[in-house]
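Notes for the one structure printed next.
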Amino acid sequence: FTGVIGDMGSERLRQPTAMPGAEWFPQAKLNFAENLLRRRDERQALVFWGEDQCKTQLSYAELYAAVSRLAQALRAQGVGVGDRVAGMMPNMPATLVAMLASSAIGAIWSSCSPDFGVDGALDRFGQVEPKVWFVPDGYWYNGKKIDIASKVSAIAAGLPTVSRIITVPYIHDGTLAGFNDERAQNWDDFLAPYPAG
């Protein structure tokens, strides 16, 4: 009745007398991205305003196109069902696009804020062993640009499973000054070969 797209499975309730322990719809499956991206019109899907510095709006059609392009790029990078994709990203449109693109292809999304320290980020991402890692070129805090290049370098050195580091424009053009890693690629360059669709 809610219009959720998915498969409920044949079992509605397992262990109904066990409290706690009852399981509702234990066989149910749904794809978060499929449900959030089912609209493809010009209605407003996302409004972003980052500390008075960045403003963006995306329609459902624009959001779908961005997710489609990134899903294609991730597949081309060898990311598939059950693989992990990580983001050390602020709350911004690219973060949502990366999470939805990962979900759309059956990958697992793991994230943390870019203000995490090196040890905290390595504790989180080292456990999940991501194939692709998204990082911003910095972030805004209290009206100030925060540079994270040295932190990204230290974390990248501890993530040997990462085959591609995608740097996302937020405070500059996607370039992390002083960050040199052959696995790094700018967001726009990563998406360039893939059409919306």
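The values are calculated or read from the model by the stated rules, or taken from the named source; none is laboratory data. Only a predicted model underlies this, so the values are computations on that prediction, with no experimental measurement involved. Positions of Cβ are generated from backbone atoms using ideal geometry, with glycine treated the same way; all protein chains shown enter the neighbour counts. Each accessible area value is taken on the protein alone, full model and side chains, heavy atoms only, with ligands, DNA and RNA left out. Shrake-Rupley method; radii C 1.70, N 1.55, O 1.52, S 1.80 Å.
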By the gyration tensor of its Cα atoms, with a ≥ b ≥ c the square roots of the eigenvalues, what is the shape of segment 59-164: rounded for a/c under 1.5, prolate for a/b over b/c, or oblate?
oblate
Could you give each residue of segment 74-83 its phi-based ³J(HN,Hα) in whole Hz, using Karplus coefficients 6.51, -1.76, 1.60 with θ = phi - 60°, and x for Gly or Pro?
5, 4, 5, 7, x, 7, x, 4, x, 6
Difference of contour (0.36 nm per residue) and Cα-Cα distance, R39 to K55
3.5 nm
Which residues qualify? For A45, with a placed amide H closer than 5 Å and at least 5 residues away or on another chain, they are L58, S59, Y60
Per its Cα gyration tensor (rounded if a/c is under 1.5, else prolate when a/b beats b/c, else oblate), segment 75-129 is best filed as oblate
With Cα atoms, 0 to 90° folded angle of helix 118-128 axis to the chain main axis
40 degrees
Ignoring ligands, DNA and RNA, please state the percent of accessible area on segment 114-197 from carbon and sulfur, probe 1.4 Å.
47 percent
Kirkwood hydrodynamic radius (Cα pairs, Å) of the chain?
18.2 Å
Those GluC sites (Glu not before Pro) from segment 18-74 that are DSSP loop and have at most 13 other Cβ neighbours within 10 Å turn out to be E42, E51
Inter-label distance for F25 and N142, nm, one decimal - labels placed 7 Å from Cα along Cα-to-Cβ
4.4 nm
The chain - mean residue ellipticity at 222 nm from DSSP helices (-39,500 (n - 2.57) per run, n ≥ 4, rounded to 500)
-8500 deg cm²/dmol
Where does the longest stretch of the chain lie that holds no trypsin sites (Lys or Arg not before Pro) found in a DSSP loop with 13 or fewer other Cβ atoms within 10 Å?
44-182
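Please say if segment 1-91 is rounded, prolate or oblate, where rounded means a/c under 1.5 for a ≥ b ≥ c the square roots of the C-alpha gyration tensor eigenvalues, and otherwise the choice is prolate for a/b larger than b/c and oblate otherwise?
Judged from the Cα gyration tensor, segment 1-91 comes out prolate (a/c at least 1.5, a/b above b/c).
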Hey, what's the chain come to in accessible area per residue, 1.4 Å probe, Å²?
55 Å²
